[in-house]
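Since the structure comes first, as structure tokens, the remarks are kept for the end.
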Amino acid sequence: MTAAKAPQHLFTTMLARVRAAAAPLAGKADLSRVVVEPPRDASHGDMATNAAMVLAKDAGKKPRELADAIAEALRSEPLVAKVDVAGPGFINLTLKSHVWGEELRVILDSGADYGRSTMGANEKVNVEYVSANPTGPMHIGHCRGAVFGDALANLLVFAGYDVTREYYINDAGAQVDVLARSAFLRYREALGEAIGDIPEGLYPGDYLIAVGKELADEYGPSLKDKPEAEQLRIVRDRAVDMMMAEIRNDLMSLGVVHDVFFSERSLIEGKDQVGATIAELRKSGEVYEGRLPPPKSGNVEDWEDREQTLFRSTGFGDDVDRPLLKSDGGYTYFASDIAYHRSKIDRGFLKMIDVWGADHGGYIKRMQAAVKAVSGGKAALDVKLVQLVRLLRAGEPVKMSKRSGDFVTLREVVDEVGRSAVRFDMLYRKNDAVLDFDLAKVIEASRDNPVFYVQYGHARAQSVFRNARTEMPDLPDTGAARAALFKSAAFDRLSDEGELSLLRKLALYPRLIEAAAAAHEPHRVAFYLYELASEFHGQWSRGKDLPHLRFIIQNDPETTKARLALVQGIVTILASGLALLGVEAPDEMR
């Protein structure tokens, strides 16, 4: 897809001006390393730049000396009120107060496109997430990976990347054979046989009853007369198809839709892509026959002292070389995964992001090594791990589900608390932190419930417009029409420190988007939205106590119009950020 045109925003403008001020002083230094961002301490100003620190060596100057020269050049900038040099050469900028009102006008002009970036330059990115085995319904752990991957894909699109959302179907290997045997038992049950308790090692959940019934309706008892290999092939294919249809529906309930569903089985059926990948790596010297030393940990349970086919992953930073063939001649999971990632590269993806469960952390180095090997070093793989989810209800663990057999399904959670509560709460933690998801707390109407507090901010802002019609009967209903009306407001009326703080917060949104996209961290958007909503609620409360700070001032249409413009800016960005997270932005809280 082609990225939409991104509006120019304040941080982009100041970055260009800082680089222009530094260019004559820095010789042939690479100006692309210069950034402008909010200072860690707000008391240091509105923006900070590392220009002198990253350019000093190439410029042949001491960082502090170069910082003083750049600061002097920036003092003549019309947007800059004050420039300070701190420490070894950091430059802090304080902007003139009128700048913030001008940026609000940009927000009103841009609407939903404010914050959109061209940073990605339409580069192709493959984001693979969920990829749960098609052996049953999705559970709450899958839910977190699904939400994280989907929000990350939304964020990357907004930042200018051409994103493909992919699901890898693990439809080969032992787990689908277990699925087939479990479904065949349910088929016999549908024919009227008493099957007794589900044997240990098979899937016990009720979800396979429908698979057995469908097979019985189509085949009657004839399936029992076929050779076992044919039985299992038929049952396996039907069970996988039905499980994947259910998984798609579960994901849809969460608002997650993938562009590509890639079958692991397709790598070995027809043309053997796994064998071809191993042969290619053997030619380039990355695959060889050899023996592995015993593991240093002393755990030799899975170790085999035999000559085997190995991938030279130590040449790419891994701890040990990795087997590609099992003792029975079958491919290891790793061999299939190499071929799968090679298929991504063949499809034009040199930038790949995989979202995995935390239990796969030990697999990252070898997979990154394999991607380097099969791409000749041209492709990059970033793996984001999502940690465990502990499901609670009012602080007590929730573990069982009759339908699945031993876990609570994703669909049960979404049906109980709603898509928005699930998605926001899953994103209001860093992906690598364990998450306690409390079914009672995520629907509380309190500040302690982040999704409520942010959604309430959007609804409260919309209520301001409804109340404003007492003073402005012709106030338009739509955001775009209101924005067009408010662009002519006297923004110098926004002089209260609370108002200026909100304006600065709004202006930070585009920089936040780029930083979150670069780090592959959508939780930053959730944190930002909570902070913005908190500031807005705080300003609203100040107006209750101090009538002159209210958003609607009787007999003062100019101040009212300026403050309503600020509220429109807040609505615009809250709605934008919530859309990136896949969360509803309600006009009213019911």
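Since every read-out is calculated from the coordinates, none of them should be taken as a lab result. For clarity, every value in this text was computed on a predicted model and none was experimentally measured. For neighbour counting, all protein chains shown are included, and Cβ atoms are generated from backbone atoms with ideal geometry for every residue, glycine included.
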Subject >> Scaled radius of gyration (Cα, divided by 2.2 N^0.38 Å) that the stretch 195-352 gives >> reply: 1.36
Original post:
Mind checking the dipole of the stretch 174-253: about its Cα centre, +1 per Lys or Arg Cβ, -1 per Asp or Glu Cβ, Debye to the nearest 20?
Top reply: 120 debye
Original post:
Which three lengths, in whole Å and largest first, does the stretch 1-146 cover when its Cα atoms are put on their principal axes?
Top reply: 65, 38, 32
Original post:
How high is the FRET efficiency from Ala16 to Ala194, r the C-beta distance, R0 60 Å, rounded to 0.05?
Top reply: 0.20
Original post:
Compactness ratio of the chain: Cα Rg over 2.2 N^0.38 Å, N = residue count?
Top reply: 1.16
Original post:
One-quarter of the Cα convex hull surface for the stretch 10-96, in nm²?
Top reply: 4.9 nm²
Subject >> 18 Å Cα-Cα reach of Lys61 towards lysines, excluding residues that sit fewer than 8 places from it in its own chain >> reply: Lys28
**OP:** Kindly put Met119, Met243 in sequence by how many other C-beta atoms sit within 10 Å of each C-beta, fewest to most.
**Re:** Met119, Met243
**OP:** Can you spot the aspartates and glutamates whose alpha carbon is less than 15 Å from Lys351's alpha carbon? Ignore those fewer than 8 places along the same chain.
**Re:** Glu123, Glu128, Asp162, Glu166, Asp382
**OP:** Report, for the chain, the % of DSSP beta bridges that are antiparallel, rounded to 5.
**Re:** 45 percent
Original post:
Under unit Cβ charges (Lys, Arg +1; Asp, Glu -1), what dipole magnitude, rounded to 20 debye, does the chain have relative to its Cα centre?
Top reply: 1640 debye
**OP:** At 0.36 nm per residue, minus the direct Cα-Cα distance, what do Ala440 and Leu350 gain on full extension? Give it in nm, one decimal, please.
**Re:** 28.1 nm
Original post:
If we restrict to alpha carbons, what Rg and Dmax does the stretch 337-444 come to, in Å?
Top reply: 18.0, 52
Original post:
Which of Lys62/Lys96; Lys344/Lys384; Lys96/Lys505; Lys365/Lys430 have a Cα-Cα distance over 26 Å?
Top reply: Lys62/Lys96
**OP:** Select from Ile169, His142, Ala67 the residue farthest towards the positive end of the dipole of the stretch 19-172; place +1 on Cβ of Lys and Arg, -1 on Cβ of Asp and Glu, and compute about the Cα centre.
**Re:** Ala67
Subject >> Taking Met242, Met589 and counting other C-beta atoms within 10 Å, the order from fewest to most >> reply: Met589, Met242
**OP:** Quote to one decimal, in nm, the extra length available between Ser495 and Trp303 on full extension: 0.36 nm per residue of separation minus the C-alpha distance between them.
**Re:** 62.1 nm
**OP:** Please list, or write none, the aspartates and glutamates whose alpha carbon is within less than 17 Å of the alpha carbon of Lys296, excluding same-chain residues fewer than 8 places away.
**Re:** Glu304, Asp305, Asp318, Asp319, Asp321
Subject >> Exposure proxy ranking, count of Cβ atoms within 10 Å, fewest first, for Trp303, Trp540, Trp100 >> reply: Trp303, Trp540, Trp100
Original post:
So what's the back-of-envelope 222 nm ellipticity for the chain, counting only DSSP H runs of four-plus at -39500 (n - 2.57) apiece and dividing by all residues, rounded to 500?
Top reply: -15000 deg cm²/dmol
Original post:
Computed over the Cα atoms, what is the radius of gyration of the stretch 174-253 divided by 2.2 N^0.38 Å, N being its residue count?
Top reply: 1.06
**OP:** Just grab the label-to-label distance for Arg466 and Asp272, each label 7 Å out from Cα along the Cβ direction, in nm (one decimal).
**Re:** 6.7 nm
